[in-house]
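Okay, structure first, notes after.
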Amino acid sequence: MKRLLPLAVILVLSSAGAAQAALFGDNEARRQITDMRQDIEGRLETTSRGQLELANQNEQLRAEVARLRGQIELLVNEVETLKQRQRDFYVDLDTRLRQIETGGATAAAAGGDPAAESADYEAALNLLKEGKHREALTAFDAFVARYPAGNFSAGAHFWAGNAALQAKDINAATKHFNTVLTKWPNENVAPDALLGLANSQQSIGDAATSRRTLQTLVERYPQSNAAQVARQRLGQR
């Protein structure tokens, strides 16, 4: 019986050691689980913070893009307004000049009706002033056909060229501008016709020819406003 006692003690001690080992194993597992949970939570928090910052950046970018688009639209509107004002100015100036030039001469125009000619010319100009480019081109074409030797012929071809250019009819624009330059090279609209011709060439991508035309404009009409525009485009002073 005494011999069995040590064996019993050994068994008890062994059971206690196994329980203690199991206890230590559970604690380690719990610690690892806790560490993993904290690590995952930390990563999730970092990811969430990054996503929030990215969302804020995207919102800022959207706002900036919207602001820039608004500025672009304003600039485009301003450019269009300036272009319209410039057309209006030239139309009004042309009308006044023609009225002065033809104040006494139209009454002596052979075989024509000066009042009808002036009214038709004014009507075509008004169409151009209203931005009805295709209708204005048609009206000017009819005008030059009806009054081939009229007092407004040079201006009619010039404005027909502008109307055609705005209507994207480059062939018609080129024809009308060249008609002004060939028949009326000394008229006040001739420099602007040469500028219009350069614009027509530029619109079809012929930059080299357009530059040569601008250079011709500067050389032929150096004191004109059109030549000043040409110098700016050519990078000259």
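The values are calculated or read from the model by the stated rules, or taken from the named source; none is laboratory data. Keep in mind that what you see is a predicted model, and the values were worked out from it rather than measured. Methodologically, a virtual Cβ is constructed for each residue, glycine included, from the backbone with ideal geometry; neighbour enumeration extends over all protein chains shown.
Scanning segment 140-164 for residues that are hydrophobic (A, V, I, L, M, F, W, C) and under 31 Å from the mean Cα position of the chain (by Cα) yields Phe140, Ala156, Phe158, Trp159, Ala160, Ala163, Ala164. Name the one entry in Thr174, Thr182, Thr209 that is touching a residue at least 24 places away in the same chain (Cβ under 8 Å) and in a helix (DSSP H, G or I). Answer to the check: Thr174.
Once segment 191-205 is narrowed to residues that are farther than 21 Å from Ala156 by Cβ and surrounded by 15 or more Cβ atoms within 10 Å (Cβ to Cβ), the residue that is nearest to the chain's Cα centre (by Cα) is Gln202. Flag set for Leu214, criterion: in a helix (DSSP H, G or I), farther than 16 Å from Trp159 by Cα and over 23 Å from the mean Cα position of the chain (by Cα).
Rundown of residues vs (1) of a type in the set (S, T, N, Q); (2) in contact with a helix residue (DSSP H, G or I) (Cβ under 6 Å, 6 or more places away or on another chain); (3) at pLDDT 95 or above, yes/no style:
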site: Asp206; (1), (2), (3): no, no, no
site: Thr216; (1), (2), (3): yes, no, yes
site: Ala227; (1), (2), (3): no, yes, no
site: Arg237; (1), (2), (3): no, no, no
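Does segment 170-179 include one or more residues that are closer than 24 Å to Ala227 by Cβ, within 29 Å of the chain's Cα centre (by Cα) and of a type in the set (Val, Ile, Thr)? Yes; the residues of segment 170-179 include at least one that is closer than 24 Å to Ala227 by Cβ, within 29 Å of the chain's Cα centre (by Cα) and of a type in the set (Val, Ile, Thr).
Taking (1) within 21 Å of the chain's Cα centre (by Cα); (2) under 18 Å from Glu117 (Cβ atoms) in turn, Ala167 satisfies each apart from (2).
Being surrounded by fewer than 17 Cβ atoms within 10 Å (Cβ to Cβ), part of a loop (DSSP other than H, G, I, E, B) and not charged (D, E, K, R) is the requirement here; does Asn188 meet it? Taking the combined requirement at face value, the residue satisfies it. Just one of the numbered conditions (1) aliphatic (A, V, I, L, M); (2) modelled with pLDDT under 95; (3) closer than 18 Å to Leu214 by Cβ is not true of Ile170: (2).
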